[in-house]
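Student: Shown below is the structure under consideration.
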Amino acid sequence: MHTRIILASAALLAVPAAWAASGFTLSSGDLAQGAQVALAQVHSRYGCDGGNQSPALAWHAAPEGTRSYAVRLFDPDANGGKGWWHWLVTAIPASRHTLPAGAGDQQGALAGGGHQWKNDFGDAAYGGPCPPAGDPPHHYVLTVDALDVASLTLPADSSAAQVQQAIQRHSLAHASITTHYGR
C-alpha cells in the first residue's frame, strides 16, 4: 500500500504544472463528451456512409507561452488495441481559437493556417470513425494541445506515431472530448 502512494505521488509530479492549472478547455457544437458521433462526422468510405466532415471546435484559456495548437483524433480500440489515428493537425497559429466544421476536408494545409499530417487511412486530412461492423462501439478521443513551438520540425513523411510523440513533447496543456461510435 505504501508503495502505491509513492508511485501515485511520483506520477502526479511528472505531469506538467500547466496541465493541472491552466483551465484549458475544448468545446464543439458537433461532438459531446460521452455521446455517439453524429453521421456527419462518420467516414464516407470503407463501408461507412457518413459525411466525413471534421467537427467544429473551439478552445479557450491556453497557458502562457502557447505558440501554436495541435489537434488529434485517436481511436484506442482499433487495430487490436494498438489504436488508429484519424486526424493530426499541427501549426495552427496561436491567434486562432476555432476550427470550423469541415476544416479537415482538405489535403495538407488548412485555410487560416495549420498543417494536416497523414492519418492511418493514408490521407493528410480528417478521416472519420468507421469501426469494423459488428465490433463493440469504439471510443474516439479528440484532443487539442497548446504547444510551446510554432511548428514541429519533422520530415514530411513522418508517421502518425512520430507526429503524436512530437506533439506530446511540446504540449503545454491539452483538452479532450471522448465520444463513441459503432455499426
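Student: Select from region 52-66 the residues that are out of contact with any strand residue (DSSP E or B) (no Cβ under 6 Å at 6 or more places or on another chain) and at negative phi and write down the one among them that is most open to solvent (accessible area, probe 1.4 Å).
Tutor: Per the stated criteria, the residue is E64.
Student: W19 fails exactly one of the following numbered conditions: (1) more than 18 Å from the chain's Cα centre (by Cα); (2) surrounded by 15 or more Cβ atoms within 10 Å (Cβ to Cβ); (3) modelled with pLDDT under 95. What is the number of that condition?
Tutor: (1)
Student: I need a count of the residues in region 152-182 that are β-branched (V, I, T), open to solvent by 20 Å² or more (accessible area, probe 1.4 Å) and under 12 Å from the mean Cα position of the chain (by Cα).
Tutor: Qualifying residue count, region 152-182: 1.
Student: List the residue pairs whose Cβ atoms are under 8 Å apart, where the first residue sits in region 119-130 and is at pLDDT 95 or above, the second is open to solvent by 10 Å² or more (accessible area, probe 1.4 Å) and acidic (D, E), and the two are 6 or more positions apart or on different chains.
Tutor: Close Cβ pairs satisfying both conditions: A125/D105; Y126/D105; G127/D120.
Student: If A133 passes every condition in (1) among the hydrophobic types (A, V, I, L, M, F, W, C); (2) farther than 19 Å from D49 by Cβ; (3) open to solvent by 70 Å² or more (accessible area, probe 1.4 Å) but one, which one does it miss?
Tutor: Result: A133 fails condition (2) only.
The values are calculated or read from the model by the stated rules, or taken from the named source; none is laboratory data. None of these values were measured; they are calculated from a predicted model. Ideal geometry is used to build each Cβ from the backbone, glycine not excepted, and the neighbour counts take in all protein chains shown. Areas reflect the complete protein model, heavy atoms only, side chains present, ligands, DNA and RNA absent. Shrake-Rupley method; radii C 1.70, N 1.55, O 1.52, S 1.80 Å.
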